[in-house]
Amino acid sequence: MKAHTTYRTFNTEQRREWIRITEDVQAAVDESGVEEGMVLVSAMHITAGVWVNDDEPGIQEDALEWLDKLAPPSWKPAANAVAEELLPDGGDYRHHRGGEDNGDAHLKNLLVHHQVIVPVTDGRLDLGPWQAVFYCEFDGQRNKRLVIKVIGD
Amino acid sequence: MKAHTTYRTFNTEQRREWIRITEDVQAAVDESGVEEGMVLVSAMHITAGVWVNDDEPGIQEDALEWLDKLAPPSWKPAANAVAEELLPDGGDYRHHRGGEDNGDAHLKNLLVHHQVIVPVTDGRLDLGPWQAVFYCEFDGQRNKRLVIKVIGD
Amino acid sequence: MKAHTTYRTFNTEQRREWIRITEDVQAAVDESGVEEGMVLVSAMHITAGVWVNDDEPGIQEDALEWLDKLAPPSWKPAANAVAEELLPDGGDYRHHRGGEDNGDAHLKNLLVHHQVIVPVTDGRLDLGPWQAVFYCEFDGQRNKRLVIKVIGD
């Protein structure tokens, strides 16, 4: 069995950003020489996720608006009445007692999930025609790491 | 290391449907000859998920009603006031500007997640007594594919 | 390829509890002798999850409060107006018709997801500095099992 591990570091301009990484994942598979196996793509931070979805800007904007309603940030006004009620009782996250302000990013990470596995078949990512892999930053503007691990033969 | 890949195509009668696929996944493991390893079960579309849960119709109905509140479709009236507020501002998904009407299915896919990994031990899916594997269609009535990839020895 | 499987049984004091299991997962990797590969950590019940997040009590309390709003239990009063509207129409889960009272735990399991995969590099869990692995019990006070499966070389 072959195993190959690479890391990527992101430092996004925006606090929240979607970054397409399909080609980085394929590059890691190419370097590994694996023809049949799986590749794990996993954020190494707890305020970032990995999402397989359509590379369509409307979906990404829709998802970010919706995530802000379901897991509202407390560093900006609640998006609407639902978001306000989904904030913690008292209006701020307990996690912020230590000086942090990214409590919402931990919950967004839970919703989006921090990792995906892509099957590798004949040396290629075995994705459907509209599936692209995205790194989802929810608390950026500083160095964050991602691990890509390929195993197989 | 052995690797074995199969695909299944679904064309559901309903737009949204839960389909039990535990036996299809076990069949793929049987064909692979793998005794110890893992099997990845992953939707190849971005409007369908894979869920491990109880094969109990009440849970499935509960989950569909709840998903419609959390990720409301805009092609039918909002289920209630919360669902209406969780729709995008303006009332419709940006993704629909190109003529699509499945914006909610992308968000349901995010909540349910599009894949699971099942451990394979002694040639069998190593599931708990109430765990069954379901394909979760959120935008059906057309051909959709699923990949099942077994690796191991 | 090596494969190694271990199981852990939890019987929590509280109905809902977060239990750190990073060290159990590393111990399974140590026993396996795997230097390069992956380890799957997966709840064998459908009312429990596995979460990779910060080992910070504030986050865990925040998450439990928030999960109770998004996937409200019907065995205690709804946390607020949003939680009340996210309960099923009629006020109780269809799943409870058979005498169960854990309908919310199935939905929390869907949100948190029941499994994670951790890459193994040089014999160590390849986690980021703040990533810890937690077993997330949503319907405890009875025996529940978890499977840890390591594969690699």
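Does A:LEU111 satisfy the criteria of being part of a helix (DSSP H, G or I) and of a type in the set (A, V, I, L, M)?
Judged against the criteria, A:LEU111 is a match.
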Anything in region A:49-69 that is facing another protein chain (nearest Cβ under 7 Å) and either acidic (Asp, Glu) or assigned to a helix (DSSP H, G or I) (or both)? List them, or say none. A:ASP54, A:GLU56, A:GLY58, A:ILE59, A:GLU61, A:ASP62, A:ALA63, A:GLU65, A:TRP66, A:LYS69
Matching residues in region A:15-37 - criterion: being hydroxyl-bearing (Ser, Thr, Tyr) and crowded, with 18+ Cβ neighbours inside 10 Å: A:SER32
For region C:134-153, what are the residues that are in a strand (DSSP E or B) and of a type in the set (Gly, Ala, Ser)? C:GLY152
Can you name the residue in region B:75-94 that is modelled with pLDDT of 95 or more and outside any helix (DSSP H, G or I) and, of all such residues, is farthest from the other protein chains (Cβ to nearest Cβ)? B:PRO77
Determine, yes or no, whether C:ILE46 is at the interface with another protein chain (Cβ under 7 Å from one of its Cβ atoms), assigned to a loop (DSSP other than H, G, I, E, B), under 18 Å from the mean Cα position of the chain (by Cα) and among the β-branched types (Val, Ile, Thr). yes
Between a residue in region B:102-123 that is more than 20 Å from B:TRP18 (Cβ to Cβ) and any residue that is among the aromatic types (Phe, Trp, Tyr) and crowded, with 24+ Cβ neighbours inside 10 Å, which pairs come within a Cβ distance under 7 Å, given they are 6 or more apart or on different chains? B:GLY103/B:TYR93
Region B:102-132, residues that are more than 7 Å from chain C (Cβ to nearest Cβ) and of a type in the set (D, E, K, R): B:ASP104, B:LYS108, B:ASP122, B:ARG124
Filtered residues of region C:104-126 (kept if in contact with a strand residue (DSSP E or B) (Cβ under 6 Å, 6 or more places away or on another chain) and among the acidic types (Asp, Glu)): C:ASP126
Scan of region C:6-18 for residues that are more than 14 Å from C:SER42 (Cα to Cα) and assigned to a strand (DSSP E or B), ordered by number: C:GLU17, C:TRP18
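The values are calculated or read from the model by the stated rules, or taken from the named source; none is laboratory data. In this text the structure is predicted, and so the values were computed from the model without any measurement. Heads up, the Cβs are rebuilt from the backbone with ideal geometry, glycines too, and the neighbour counts pull from every protein chain shown.
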